Amino acid sequence: MSVPTITLNTGRTIPQLGFGVFQIDPADTVEAVTKALEIGYRHIDTAQMYGNEREVGEAIARSGIPREEIFVTSKLNNGFHRPEDAQKAFAETLEKLGVEQVDLFLIHWPLPTRYDGDFVSTWRTMASFADDGRAASVGVSNFQPAHLARIIDETGVIPAVNQVEVHPYLTNEAVRAADAEHGIATEAWSPIAQGGVLDDPVITEIAEAHGVTTAQATLRWHVERGDIVFPKSVTESRMRENFDIFGFSLTPDEVGRISALDRGEDGRTGPNPDEFDYIPD
Ligand code: NDP
């Protein structure tokens, strides 16, 4: 089974399907990532905030798979937006992951109400990680169209990706359109809304027509729309199920019917990026 790749605006390629490790306990992370790599996943999405970068690195090292065959993403934690803090935190990410270069490093949240609204100097610092080669690509997460416009206008540096909440109940079209306009790849987090869309009658009907599960139909919907996904599971059968989405395809009508399930802001399961101001202790 071969996972398609998306070419980023940096010229680097990223597997369109990966494995997310949010809410995987550090004690369980080596086992989960090891299993994911055995199944065939070659793209792991972690973050400083998840507290499991070291375990992700350990699983990669133990796997024996050549480093260049695994795409690894991490993200800058919310407390480290000041340039000197970002520098230090990024060095720690490389050390914990046990890599000389991370494939993708993102600003996790824009925090527009923090740091006097200055996420631009954070973005400049991120760009320096790409310049010095320690990040193959840099990007952002949870950036609204206005946040994207501002960093691009003020620095001239276009993020490689914008990782935002996208699933059938929050299709996030305005952000996806802004990403596309700038040549930024959209990464869809919580692609199955943490399970919240799996009993939907429309998705159930479409899944049954293809003889697949609702999780598979939903992940395939993302793929058909061109977004990058990395569902999380600690359950081996689900990890296998989520990886097995390339043996069928949805019709344009089916894609449209799932997109029409959008509930706008009511469908959001996570925080609103314009308001979110959480800084871990
Ligand atoms: P997902 O939408 O991937 O859903 C994960 C949940 O669904 C888990 O409870 C899992 O259970 C369950 N599940 C997974 N596969 C199946 C299946 N086939 N059938 C039934 N249930 C299933 O949620 P996440 O929030 O974890 O999002 C995925 C990734 O996105 C994260 O791990 C992280 O990498 C990223 N993310 C980024 C954010 C950001 O701000 N940038 C925010 C949130 C997520 P179980 O594990 O028990 O099997």
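Some values worked out for this structure:
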quantity	calculated
Matching option when the condition is surrounded by fewer than 20 Cβ atoms within 10 Å (Cβ to Cβ) and under 20 Å from Arg238 (Cα atoms), among Gln16, Gln23	Gln23
Tally of residues being open to solvent by 40 Å² or more (accessible area, probe 1.4 Å), touching a residue at least 12 places away in the same chain (Cβ under 8 Å) and under 15 Å from Lys88 (Cα atoms) across region 131-153	1
Total residues in region 218-229, condition part of a helix (DSSP H, G or I), touching a helix residue (DSSP H, G or I) at 6+ places or on another chain (Cβ under 9 Å) and more than 10 Å from the ligand (Cβ to nearest atom)	4
Failed item in (1) buried (at least 20 other Cβ atoms within 10 Å of the Cβ); (2) in contact (Cβ under 8 Å) with a residue 40 or more places away in the chain; (3) out of contact with any Lys or Arg (no Cβ under 6 Å at 6 or more places or on another chain), with Asp244 passing the rest	(1)
Residue pairs meeting the criteria (Cβ under 6 Å; at least 6 apart or on separate chains; first farther than 17 Å from Val140 by Cβ, in region 169-194; second charged (D, E, K, R) and more than 8 Å from the ligand (Cβ to nearest atom))	Tyr169/Arg263; Leu170/Arg268; Thr171/Asp262
Residues of region 59-89 that turn out to be touching a residue at least 12 places away in the same chain (Cβ under 8 Å), part of a loop (DSSP other than H, G, I, E, B) and open to solvent by 50 Å² or more (accessible area, probe 1.4 Å), as a count	1
Condition check for Asp281: of a type outside the set (Ser, Thr, Tyr), loosely packed, with under 14 Cβ neighbours inside 10 Å, at pLDDT 95 or above and more than 14 Å from the ligand (Cβ to nearest atom)	no
Hits in region 182-217 - residues which are in contact with a strand residue (DSSP E or B) (Cβ under 7 Å, 6 or more places away or on another chain) and within 11 Å of the ligand (Cβ to nearest atom)	Glu187, Ala188, Trp189, Ser190, Pro191, Ile192, Ala193, Val197
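The values are calculated or read from the model by the stated rules, or taken from the named source; none is laboratory data. Computed from a predicted model, the values in this text were never measured in an experiment. When we count neighbours, we look across all protein chains shown, and the Cβ atoms used for this are built from the backbone with ideal geometry, even at glycine. With ligands, DNA and RNA removed, areas are computed over all heavy atoms of the protein, side chains included. Shrake-Rupley method; radii C 1.70, N 1.55, O 1.52, S 1.80 Å.
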